[in-house]
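Report on the structure given below.
The values are calculated or read from the model by the stated rules, or taken from the named source; none is laboratory data. Note that this is a predicted model, so its numbers are computed, not measured. Cβ placement follows ideal geometry from the backbone for every residue including glycine, while neighbour counts extend to all protein chains displayed.
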Amino acid sequence: MIHSRPKPSTFFALGLIVLVQFFGLVYILNHFATERTFGVLIYLMATVILTLGIVLLMVKMMAAYKFIAIGNDQIITKLPLRGKTTKYALSEVLVWDEETVITNKREFKQITIVFEDRSSFTISNHEHINYEEFIKYLNKRLSKKKIPVRKNLKT
């Protein structure tokens, strides 16, 4: 079976950013409690912005924490934070699609797999390991269910 999980480097980088923001929030609150050299509005805005940044990054990290395995004519999805594991047969895949976007001379790829129960699963090459093996397996076993490439039409 081919297993895909989030890259540790992605979580390390996001975790480091959350830590920096958290220590910035602690510093701002400590500065407000002890010195108060800025106006109350500055402290309020900085606290709100840092708190929102921390919350949004934590939600992003929790949403990206998912695993998928493919092989033996089945797909297994695991969402550990929800405590949910689902097994699908390959015949239960409605469609799958790969999107490619080139930004800053880097190629970003993303696979979306839609199942018969209308749930979907998405993995990307920058955030998950074994992305290329997934593409090879899907092209080999489910090539008929891939959404055809759309050609640009001139009007």
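Can you tell me which residue is farthest from L94 (Cα to Cα) among those in region 104-120 that are among the acidic types (D, E) and in contact with a helix residue (DSSP H, G or I) (Cβ under 9 Å, 6 or more places away or on another chain)? Step by step, filter region 104-120, then rank; the result is D117.
Each row is one residue, and each column tells you yes or no for (1) touching a residue at least 60 places away in the same chain (Cβ under 8 Å); (2) farther than 18 Å from A63 by Cβ.
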residue	(1), (2)
W96	no, yes
S124	no, no
I129	yes, no
E132	no, yes
K136	no, yes
K146	no, yes
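Scanning region 4-55 for residues that are within 30 Å of K66 (Cα to Cα) and of a type in the set (S, T, Y) returns S4, S9, T10, T51. Against the criterion of being in the same structural domain as I123 (by TED's automatic domain parsing) and part of a helix (DSSP H, G or I), S9 does not qualify. Evaluated against (1) closer than 30 Å to L142 by Cβ; (2) free of Cβ contacts under 8 Å to residues at least 24 places away in the same chain; (3) not in a helix (DSSP H, G or I), I75 falls short on exactly one condition, (2).
If I filter region 79-96 for residues that are closer than 19 Å to S124 by Cβ, assigned by TED's automatic domain parsing to the domain that holds K136, of a type outside the set (D, E) and assigned to a loop (DSSP other than H, G, I, E, B), do I get at least one hit?
Let us first name the residues in region 79-96 that are closer than 19 Å to S124 by Cβ, namely 79-81, 93, 95-96.
Remaining after also requiring assigned by TED's automatic domain parsing to the domain that holds K136: 79-81, 93, 95-96.
Cutting the leftovers down to of a type outside the set (D, E) gives us 79-81, 93, 95-96.
Imposing the further condition that a residue be assigned to a loop (DSSP other than H, G, I, E, B) reduces the set to 80-81.
Within region 79-96, one or more residues are closer than 19 Å to S124 by Cβ, assigned by TED's automatic domain parsing to the domain that holds K136, of a type outside the set (D, E) and assigned to a loop (DSSP other than H, G, I, E, B).
Of a type in the set (S, T, N, Q), loosely packed, with under 12 Cβ neighbours inside 10 Å and either at pLDDT 95 or above or not assigned by TED's automatic domain parsing to the domain that holds R141 (or both) - does that describe any residue in region 12-35? So far as region 12-35 goes, yes, one or more of its residues are of a type in the set (S, T, N, Q), loosely packed, with under 12 Cβ neighbours inside 10 Å and either at pLDDT 95 or above or not assigned by TED's automatic domain parsing to the domain that holds R141 (or both). Residue count for region 35-65 satisfying the condition of being more than 19 Å from the chain's Cα centre (by Cα) and in contact (Cβ under 8 Å) with a residue 24 or more places away in the chain: 2. All of N125, N139, N104 fail the test of being among the polar types (S, T, N, Q) and at positive phi, apart from N104.
You will find that of I111, I54, I135, the residue that is in contact with an Asp or Glu (Cβ under 8 Å, 6 or more places away or on another chain) and assigned to a helix (DSSP H, G or I) is I135 and no other.
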